[in-house]
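To start, the structure itself, in structure tokens.
The values are calculated or read from the model by the stated rules, or taken from the named source; none is laboratory data. Since this is a predicted model, take the numbers as computed values, not measurements. As a convention, Cβ positions derive from the backbone with ideal geometry for all residues, glycine included, and neighbour counts pool all protein chains shown. These accessible areas exclude ligands, DNA and RNA; they are computed on the full protein's heavy atoms, side chains included. Shrake-Rupley method; radii C 1.70, N 1.55, O 1.52, S 1.80 Å.
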Amino acid sequence: MRYLLAPLALTALLAAGCGSDDGSPDAGSPSNSEPTTRGPVQTGKVVILHGTAAGATKESEAAIALPGGTDRLVDGITNPLARQVRAKVTRWHGAEGSRLYGYVFVGCDVPSDVTVERQGDTYAVTPEYADGTLEECFAPVTSVALIPVTG
């Protein structure tokens, strides 16, 4: 079984819509009039948590700062991985203007890092593997990347 992990794009809503719970946008949210660009995005230290046979069946992403973002990210993921993700999100304190995104990968290997690139109005997240990827695996590995985006 071979998993080809194609990058999934975060929508502009997720990229720009990290407003507060009262509906007002935060100071770090770009306006709709800002020009779109292409290229790498500055990120903070990416944390990758993983578990074998942890329940995820597909790749997904979530802007954790949005209401229900953590719930959407761990939907279908079993404990203890879901509990570990929730604990890391709760303890996260990013730099001013940064937003925390989560990304779920399912495959035979755990990514060693991720690359985040702006593509027009969206972001693309691509896993990086230090030692290549396995062709087959006994059980799928669910990896959750917590990505502080500052750009």
Q: Within segment 91-115, work out how many residues are assigned to a strand (DSSP E or B), open to solvent by less than 10 Å² (accessible area, probe 1.4 Å) and more than 22 Å from residue 68 (Cα to Cα).
A: 1
**Q.** Number of positions in segment 58-76 that are of a type in the set (Val, Ile, Thr) and without any contact (Cβ under 8 Å) to a residue 60 or more places away in the chain
**A.** 1
Q. Tally time: how many residues in segment 125-145 are open to solvent by 10 Å² or more (accessible area, probe 1.4 Å) and part of a strand (DSSP E or B)?
A. 4
**Q.** Scan of segment 49-75 for residues that are among the hydroxyl-bearing types (Ser, Thr, Tyr) and either over 14 Å from the mean Cα position of the chain (by Cα) or modelled with pLDDT of 85 or more (or both), ordered by number
**A.** 52, 57, 70
Q. Consider residue 79 against the criteria (1) surrounded by fewer than 14 Cβ atoms within 10 Å (Cβ to Cβ); (2) among the polar types (S, T, N, Q); (3) in contact (Cβ under 8 Å) with a residue 24 or more places away in the chain: it satisfies all of them except one. Which criterion is unmet?
A. (3)
Q) Pairs, please: C-beta under 6 Å, at least 6 apart or cross-chain, first residue touching a residue at least 40 places away in the same chain (Cβ under 8 Å) and in segment 130-151, second in a loop (DSSP other than H, G, I, E, B) and open to solvent by 80 Å² or more (accessible area, probe 1.4 Å)? A) 135/2; 136/1; 150/42; 151/42
(Q) Go through segment 38-63 and report how many residues are surrounded by fewer than 21 Cβ atoms within 10 Å (Cβ to Cβ) and hydrophobic (A, V, I, L, M, F, W, C). (A) 6
